[in-house]
Amino acid sequence: MPRRSIHEVLILRVVSKGIFPFVLLFALYVQFHGDFGPGGGFQAGVIFAAGWVLYGLVFGLTELQKALPPRWVEIGTALGVLLYGGIGVWSMFAHGAFLDYNVLDHHSTVHGQHRGVFWVELGVGITVASVMIGIFYGFAGRRRVR
Amino acid sequence: MSEHFPALQVLLPVLTAPLCLLLRHPTLVRVLSLAVTVGCLGISLALMEQAREVGTVVYEFGNWPRPLGIEYAVDTTNAFVLVIVSMIAAVVLPIGCRNSQVPEGREYLFYSAFLLCFGGLLGVAITGDVFNIFVFLEISSLATYILIAMGRDRRAIMAAYSYLIVGTIGATFLLIGIGLLYQMTGTLNIADLAVRLEDVKETRTVIVAFAFAMVGISIKLAVLPLHHWLPNAYTHAPPVVSAFLSATATKVAYYLMLRFIYTILGAGFVFDVLQFDVILTPLSLAAMFIGSLAAIYQTDFKRLLAYSSIAQIGYMTLGLSLNSELGAAAGIVHLFNHALMKGGLFLVAGCVLLRVGSTAIVDMRGLGSRMPLTASALVIAGLGMIGVPGTVGFVSKWALVSAALDQQAWQITVLILLSSLLALVYVWRLIEVMYLTEAPEGAERREAPPLYLIPTWILVLASVYFGFNTESTLGVARAAAHQLLGGAG
């Protein structure tokens with residue numbers, strides 16, 4: 001039997017396509033349930049990126065970059081950090097110290113804390129996922145040097 | 001507003017970096033980065049004012065009180081370092097990423113990396129939390145590796161890579177040191193560490209922690225046997241990056257050394273119990289001589305400057321190893337003075353590279369007539385390196401010599417003066433090549449553009465101005481040393 005490339009194996013294609021949405025869904029669960037249970041932005045970001053990396057491994061880098069252009073990944077990297085920092089700056093405008101979540105909600109400091117952690121973790125998640133995918137693009141996109 | 005200055009000092013560059021990534025437009029990014037560096041300079045000067053008034057300016061993040069939360073603590077010493085870093089950034093950044101490998105349309109990546117490096121260095125200097133120091137050190141180092149790799153030829157990539165390896169080892173050593181201190185005290189806050197270490201100071205863990213931290217910092221500072229990354233990195237990086245790094249990165253590492261020795265562990269423990277000066281003094285003296293001697297034999301202007309940096313770092317650590325208020329003040333004032341001189345000289349190298357196409361000393365023949373303004377800038381800054389009166393170099397040497405004489409360390413005084421003679425040799429070599437040899441046939445007579453000359457001359461003229469007006473530098477350095485050594489703040 002001639003060796004086939006990974007892109008042609010039917011089982012891999014079907015299974016990975018089936019798993020893909022669930023990986024992303026699990027990442028979102030870890031992200032947003034991280035406030036109450038184990039998890040958080042970093043883990044969620046890695047899981048989210050793992051879904052895309054799986055897609056890239058099975059369908060090839062070109063297909064993956066068609067679905068998720070490198071420029072988007074670059075934007076995501078910056079956006080996450082800005083979201084994190086933006087929350088801090090917001091709390092400064094609300095007459096608190098940088099990243100003082102207590103002032104984010106007028107009525108209760110607990111809600112303020114919750115709100116702060118929620119957005120900050122989302123920022124972490126976006127940046128981590130983007131950087132992970134970016135690293136994959138960086139390595140997978142290298143041509144062989146003779 | 002002004003109560004947020006400590007946070008804004010670091011936030012401005014660190015948050016503008018991702019913003020550059022989003023904006024991408026070359027002019028827009030450039031203007032924005034320039035505005036940020038100028039803004040940071042203003043903030044650092046304001047912080048200096050505040051610190052001199054109240055002693056220590058404290059900013060608690062998220063309003064969590066220390067030692068629970070992370071705090072920024074600015075006293076005179078780190079305010080001085082903040083001023084140095086942001087001043088140099090504001091002066092050199094207008095040149096931008098010319099003469100580097102940055103492709104057209106990707107300049108925004110240069111500005112992003114520069115702002116991260118800048119913000120990281122400010123962060124190391126400003127924070128009052130040792131783990132935070134490590135994090136910011138990594139931010140600035142990672143950005144530094146990128147910046148160095150942007151140099152004109154492929155050797156820049158190799159230089160960046162070897163700095164990456166060595167720099168990572170250095171950061172790891174520092175982290176191990178911090179980890180051991182944390183294990184012994186259960187705190188990461190600098191002020192809190194100092195208090196809690198009192199009881200456990202003479203344990204082996206703390207001694208080992210000190211050793212790890214000092215080796216890690218010494219790698220970043222390029223103290224003599226650990227300096228091998230420096231010449232290549234400075235030689236092959238783009239001129240603006242060399243100017244910025246030589247004037248700031250090692251200065252911040254020196255600040256860390258001061259902080260660890262004087263604030264965290266205490267001079268009594270470090271110098272009297274551990275006798276750290278027994279190691280540091282010979283290494284500093286060796287750096288002064290080996291660095292200068294190596295500089296004399298270089299054939300490349302930028303590499304000459306890099307070796308001379310190693311010698312100058314020797315002067316700074318020598319001031320520290322004298323273990324006195326005068327010695328520390330001499331080291332601190334030399335941070336500022338050396339930043340002016342060496343930043344200016346590396347920008348001169350940038351002018352030469354732009355017009356001559358190389359920085360080999362042979363190619364600089366007849367530069368005095370080909371590029372008179374550039375050449376005279378080199379001469380003035382070079383006189384500063386020797387320590388001629390009327391330049392900042394003299395102020396540093398004077399402070400260092402009087403600190404040595406104060407302790408009747410005659411041998412050290414003589415060695416300082418002898419090593420200045422070596423500086424005379426390598427500066428004279430440049431002057432001879434530029435003014436006393438004929439320009440090669442067909443060499444172009446064209447001065448560097450104002451964009452290069454203005455920042456160069458700002459630094460050079462400042463190095464003369466602060467040679468006369470010593471109150472704002474030496475005065476502040478003495479106040480900083482006084483506060484650092486436990487005098488009333």
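The values are calculated or read from the model by the stated rules, or taken from the named source; none is laboratory data. Source: prediction; values computed, not measured. Positions of Cβ are generated from backbone atoms using ideal geometry, with glycine treated the same way; all protein chains shown enter the neighbour counts.
For B:Tyr59, the stated conditions do not hold, so it cannot be described as closer than 30 Å to B:Ala160 by Cβ and of a type in the set (Ser, Thr, Tyr). Quick one: which helices (runs of 4 or more DSSP H) sit completely within the stretch B:396-489 and have at least 3 residues that are under 30 Å from B:Leu265 (Cβ atoms)? Fully inside the stretch B:396-489 and qualifying: B:410-435, B:476-484.
Filtering the stretch B:366-390 down to residues that are outside any helix (DSSP H, G or I) and farther than 25 Å from B:Leu451 by Cβ, which residue is nearest to the chain's Cα centre (by Cα)? Within the stretch B:366-390, the match that is nearest to the chain's Cα centre (by Cα) is B:Gly387. When B:Val36, B:Val14, B:Val10, B:Val31 are checked against the criterion of being modelled with pLDDT of 90 or more and at the interface with chain A (Cβ under 9 Å from one of its Cβ atoms), B:Val14 stands alone in meeting it.
Listed here are the residues, each with its yes/no results for (1) modelled with pLDDT of 90 or more; (2) surrounded by 14 or more Cβ atoms within 10 Å (Cβ to Cβ); (3) closer than 30 Å to B:Glu71 by Cβ.
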position: A:Leu12; (1), (2), (3): no, yes, no
position: A:His33; (1), (2), (3): no, no, no
position: A:Gly39; (1), (2), (3): no, yes, yes
position: A:Pro69; (1), (2), (3): yes, no, no
position: A:Leu79; (1), (2), (3): yes, yes, yes
position: A:Leu104; (1), (2), (3): no, yes, yes
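Out of the stretch B:82-106, which residues are within 16 Å of A:Ala78 (Cβ to Cβ) and buried (at least 22 other Cβ atoms within 10 Å of the Cβ)? If the condition is that a residue be within 16 Å of A:Ala78 (Cβ to Cβ) and buried (at least 22 other Cβ atoms within 10 Å of the Cβ), then no residue fits. The residues of the stretch B:55-69 that are within 13 Å of chain A (Cβ to nearest Cβ) and touching a residue at least 60 places away in the same chain (Cβ under 8 Å), listed by number, are B:Val58, B:Arg66. With respect to the conditions (1) within 14 Å of chain A (Cβ to nearest Cβ); (2) outside any loop (DSSP other than H, G, I, E, B), B:Gly105 lacks only one, and its number is (2).
Conditions tested, residue by residue: (1) within 16 Å of the chain's Cα centre (by Cα); (2) buried (at least 19 other Cβ atoms within 10 Å of the Cβ); (3) among the aliphatic types (A, V, I, L, M); (4) closer than 20 Å to B:Ile178 by Cα.
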| position | (1), (2), (3), (4) |
| --- | --- |
| B:Leu221 | yes, yes, yes, yes |
| B:Ala237 | yes, yes, yes, no |
| B:Ala247 | yes, yes, yes, no |
| B:Thr263 | no, yes, no, yes |
| B:Pro282 | no, no, no, no |
| B:Ala287 | no, yes, yes, no |
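Annotation note: of A:Val124, A:Val103, A:Val128, the sole residue that is of a type outside the set (S, T, N, Q) and in contact with a Ser or Thr (Cβ under 8 Å, 6 or more places away or on another chain) is A:Val103. Applying the criterion of at least 1 residues that are in contact with an Asp or Glu (Cβ under 6 Å, 6 or more places away or on another chain), within 14 Å of chain B (Cβ to nearest Cβ) and farther than 22 Å from B:Pro18 by Cα to the helices (runs of 4 or more DSSP H) found wholly in the stretch A:5-120 leaves an empty list. Within the bounds of the stretch A:121-130, is there any residue that is over 30 Å from A:Ser16 (Cα atoms), crowded, with 17+ Cβ neighbours inside 10 Å, among the hydroxyl-bearing types (Ser, Thr, Tyr) and within 10 Å of chain B (Cβ to nearest Cβ)? Checking the stretch A:121-130: not a single residue is over 30 Å from A:Ser16 (Cα atoms), crowded, with 17+ Cβ neighbours inside 10 Å, among the hydroxyl-bearing types (Ser, Thr, Tyr) and within 10 Å of chain B (Cβ to nearest Cβ). Screening B:Gly186 on (1) modelled with pLDDT of 90 or more; (2) closer than 30 Å to B:Val58 by Cβ shows it passes everything except condition (1). If the condition is being aromatic (Phe, Trp, Tyr), in contact (Cβ under 8 Å) with a residue 60 or more places away in the chain and surrounded by fewer than 19 Cβ atoms within 10 Å (Cβ to Cβ), then the stretch B:388-443 contributes only B:Tyr435. Screening the candidates B:Ala46, B:Ala79, B:Ala73, B:Ala51 for the property of being surrounded by fewer than 18 Cβ atoms within 10 Å (Cβ to Cβ) and away from chain A (no Cβ under 13 Å) yields one hit, B:Ala46. Within the stretch B:184-214, the set of residues being without any contact (Cβ under 8 Å) to a residue 24 or more places away in the chain and outside any loop (DSSP other than H, G, I, E, B) comprises B:Thr185, B:Val195, B:Arg196, B:Glu198, B:Asp199, B:Val200, B:Arg204.
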